[in-house]
Amino acid sequence: MAVPFDQRADLIWFDGKLVPTSDSKVSVLTHGLHYASCVFEGERAYGGKIFKGTEHSERLKNSGRILDFEIPWSVAEIDAAKQLVVDKNNLPDAYVRPVAWRGSEMMGVSAQTNTIHLAVAAWEWPSYFDPAEKLKGIRIGLAEYRRPDPRTIPAMAKAAGLYMICTISKHRAERDGYADAMMLDWQGRVAECTGANIFFIRDGEIHTPIADCFLAGITRATVIDLARRRGIEVIERRIMPEELSDFTECFITGTAAEVTPVSEIAEWKFTPGKISAQLMADYSAEVQPKDKAAAA
């Protein structure tokens, strides 16, 4: 049986110092728990180096500002804390999770003077999907919940509260035998999966939804850049579900998912092909530390 995350024998960076994971406690009356005043990042370390760690730290700071709080550590300090956790836990290849939240001084909707806390954890996390399944393309269902109108939520923050419908949707998809679920937006257009952005391929071109009601992922931007370096046209546009039968390939991207081909979304079928395979390989090469890649 897997060891629960709060009982792992490793270290977490908590408000400026390393502490055993089992000692990294917060109050049950924490504002971040009751009112979702919490932001986080998901990052990966490859060969001991965090991929695009500074971009993630900058987004973490910005997410806090969107939720009306300032994380009291600089981007450079957050970068250093993340690297320290990777190094001290001897995790050359790891998933890294910085998280910031409002504390417990005031319990109510308004908590403007509550202390802002920051923690960084890291753990081993191999491919998000089974390797054999990933190569042939994962199966995805269609989520019941939709990405809300960005006028109703802070859509551009990586905020904990925005993932409530993602957890519900992924659980339902897994119970139905799928690996994930694709979400539409509030107008019924294709948006994203529960924790990954989505891409489609037709006639050698890549099409992906405009990210204006969901997070434009750092992995998403990396893969778009990789495709354009290959001379592959990437078109960001509105995509309706009825168009999916016109696409031949599909893949999803994210820190956890990396680049994962898709074989099925509900009634729509795809065949992972050359472009998906090329971008999987290109991304794997891109995330390797440059000194390690040069040595190879």
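The values are calculated or read from the model by the stated rules, or taken from the named source; none is laboratory data. Worth saying up front: this structure is predicted, and the values here are computed from it rather than measured. So basically every Cβ, Gly included, is an ideal-geometry build from the backbone, and we count neighbours across all protein chains shown. The area values use the complete protein model at the heavy-atom level, side chains included, leaving out ligands, DNA and RNA. Shrake-Rupley method; radii C 1.70, N 1.55, O 1.52, S 1.80 Å.
From the residues in the stretch 91-124 that are open to solvent by 60 Å² or more (accessible area, probe 1.4 Å) and within 24 Å of G254 (Cα to Cα), which one is modelled with the lowest pLDDT?
E124
Output the number of residues of the stretch 129-161 satisfying the condition of being without any contact (Cβ under 8 Å) to a residue 40 or more places away in the chain and within 14 Å of the chain's Cα centre (by Cα).
So the answer is 0.
Going residue by residue through the stretch 55-72, is there one that turns out to be closer than 30 Å to P289 by Cα, in contact with an Asp or Glu (Cβ under 9 Å, 6 or more places away or on another chain), free of Cβ contacts under 8 Å to residues at least 40 places away in the same chain and of a type outside the set (K, R)?
Looking for residues that are closer than 30 Å to P289 by Cα, in contact with an Asp or Glu (Cβ under 9 Å, 6 or more places away or on another chain), free of Cβ contacts under 8 Å to residues at least 40 places away in the same chain and of a type outside the set (K, R), one finds none in the stretch 55-72, hence no.
Among E58, E43, which is the only one that is out of contact with any Gly (no Cβ under 9 Å at 6 or more places or on another chain), of a type in the set (D, E) and surrounded by 14 or more Cβ atoms within 10 Å (Cβ to Cβ)?
E58
Listed here are the residues, each with its yes/no results for (1) touching a residue at least 24 places away in the same chain (Cβ under 8 Å); (2) in contact with a Ser or Thr (Cβ under 7 Å, 6 or more places away or on another chain).
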| site | (1), (2) |
| --- | --- |
| T219 | yes, yes |
| C250 | yes, no |
| T260 | yes, no |
| K274 | no, no |
| V287 | yes, no |
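Check whether at least one residue in the stretch 10-19 is touching a residue at least 40 places away in the same chain (Cβ under 8 Å) and open to solvent by 70 Å² or more (accessible area, probe 1.4 Å), and report yes or no.
No, there is no match, as no residue in the stretch 10-19 is touching a residue at least 40 places away in the same chain (Cβ under 8 Å) and open to solvent by 70 Å² or more (accessible area, probe 1.4 Å).
Those residues that are open to solvent by less than 10 Å² (accessible area, probe 1.4 Å), outside any loop (DSSP other than H, G, I, E, B) and in contact with a Phe, Trp or Tyr (Cβ under 7 Å, 6 or more places away or on another chain), I need them from the stretch 254-278; list them, please.
Residues satisfying the conditions are V259, T260, P261, V262, S276.
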